[in-house]
Amino acid sequence: MEEDEDEDDDDSDYPEEMEDEDDASYCTESSFRSHSTYSSTPGRRRQRVHRPRSPILEEKDVPSLEFPKSSEDLMVPNEHIMNVIAIYEVLRNFGTVLRLSPFRFEDFCAALME
């Protein structure tokens, strides 16, 4: 019966009963590797896979965009309309976060030209 109690004492996980070892001894190389990032591991480089160029990013001769006659009443020069539309869309999407009151695109263009 005493032997069973001695065996149970040897299997204890309490830190007070563990042998005095350096804390670094618990950090093995494999556990260190699992916590470090792959790219920071010295001596290892990730092989780059060669991919064909994206058809969207290929350099193509794209004809210039022709705006309809109705775009001339926006008071913004045609060369800036696409940038103005992009900014307007961002403001409309984040208007509630920015606490903006709703506004029309025509009013936005008029405010930019003032």
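Comparing I81, L100, M113 along the charge dipole axis of segment 70-113, the residue lying farthest to the positive side is L100, per the Cβ-charge model. The label-point distance for H80 and F94, in a model that sets each label 7 Å from Cα toward Cβ, rounds to 2.1 nm. Model label sites at R48 and M113, defined 7 Å from Cα along the beta-carbon direction, differ in position by 4.7 nm.
Sequentially through segment 92-103, phi angles give Karplus couplings (6.51, -1.76, 1.60; θ = phi - 60°) of 5, 5, 9, x, 6, 5, 7, 6, 8, 7, x, 8 Hz, Gly and Pro residues having no value and appearing as x.
The numbers here are math on the coordinates, done by the rules we state, and not lab data. Here the structure is a predicted model, which is why all the values come from computation and not from measurement. Methodologically, a virtual Cβ is constructed for each residue, glycine included, from the backbone with ideal geometry; neighbour enumeration extends over all protein chains shown.
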